[in-house]
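Q: Can you keep this structure in mind? I'll have questions shortly.
The values are calculated or read from the model by the stated rules, or taken from the named source; none is laboratory data. Keep in mind the model is a prediction, meaning the values are calculated, not measured. Note that each Cβ is placed from the backbone with ideal geometry, even for glycine, and that neighbours are counted across all protein chains shown.
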Amino acid sequence: SLTAGVVAVQGDVEEHAVAIERAARARGRDVTIHEIRESGIVPDCDLLAMPGGESTTISRLVHSEGIAPEIRDHVAAGKPLLATCAGLIVASSDAGDDRVDELGVIDVGVERNAFGRQKDSFEAPLDVAGLDDEPYPAVFIRAPAIDSVGDADVLATWDDRPVAVRDGPVVGTSFHPELTTDSRLHGLAFFENEAASVPALEDAQ
Ligand code: GLN
């Protein structure tokens, strides 16, 4: 069976675990999920999620607990990571905030709370590259804008701004795919891309 990790130092961890289980179950895969609050667990994980929450807190704790270099190694090994909202901010290469020590695993610059000023929270139907034609119901909560894109592909935009990107094995979203029952984004990040995906069923058993 697959081993999944959810970075669990802070944020909406349980919601990611449920979404990972749903995406795996839809593909007939068993998955064991670890909540990661300390070093030593990430190296066992086939796939990782880094949740929304508060990016300065998540940044501080992934570094102080020694999880940050393990996440970088995971990505360098080509294993998938889905980083959402605050997770995207921490995973980015430029968070525009000294209190965030970026992991630099998604080559984008972000602006924290950029959507938050107009409206703290909203849902938007997104066309996402790689998903079927059905719009994805994206939940934005004090969401970061992606304001520069380096060596990464834009998967979706809203209001003419990129809100979902892929950089090799990493998918980052400004919004919260873990807060809906639609697990297609988790499926895309973990099971349905060429750049990165979990081991095929035969290999995993
Ligand atoms: N505003 C938060 C931050 O900058 C992110 C919001 C979220 O994850 N919902 O850390």
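Q: Kindly establish whether Ile106 is near the ligand (Cβ under 10 Å from one of its atoms), touching a residue at least 60 places away in the same chain (Cβ under 8 Å) and more than 15 Å from Leu185 (Cα to Cα).
A: Answer is no for this residue.
Q: While we're here: Sort out which residues of region 39-64 are away from the ligand (no atom under 16 Å from the Cβ), assigned to a loop (DSSP other than H, G, I, E, B) and buried (at least 16 other Cβ atoms within 10 Å of the Cβ), and write them in order of number.
A: Ile41, Cys45, Asp46
Q: Output yes when any residue across region 162-180 is modelled with pLDDT of 95 or more, surrounded by fewer than 20 Cβ atoms within 10 Å (Cβ to Cβ) and within 20 Å of Ile71 (Cα to Cα), and no when none is.
A: yes
Q: So which residues in region 112-146 are surrounded by 18 or more Cβ atoms within 10 Å (Cβ to Cβ), of a type outside the set (Val, Ile, Thr), in contact with a Pro (Cβ under 9 Å, 6 or more places away or on another chain) and in a strand (DSSP E or B), if there are any at all?
A: Listed by number, the residues that qualify are Leu126, Tyr136, Ala138, Ala145.
Q: Looking at Val75, Val90, Val100, which one is within 16 Å of the ligand (Cβ to nearest atom) and part of a helix (DSSP H, G or I)?
A: The match here is Val90.
Q: So, in region 72-94, of the ones that are small (Gly, Ala, Ser) and surrounded by fewer than 24 Cβ atoms within 10 Å (Cβ to Cβ), which residue ends up nearest to Ser148 (Cα to Cα)?
A: In this case the residue turns out to be Ser93.
Q: Hey, Leu2 hits all of (1) farther than 16 Å from Phe191 by Cα; (2) buried (at least 17 other Cβ atoms within 10 Å of the Cβ); (3) not acidic (Asp, Glu) but one; which does it fall short on?
A: (1)
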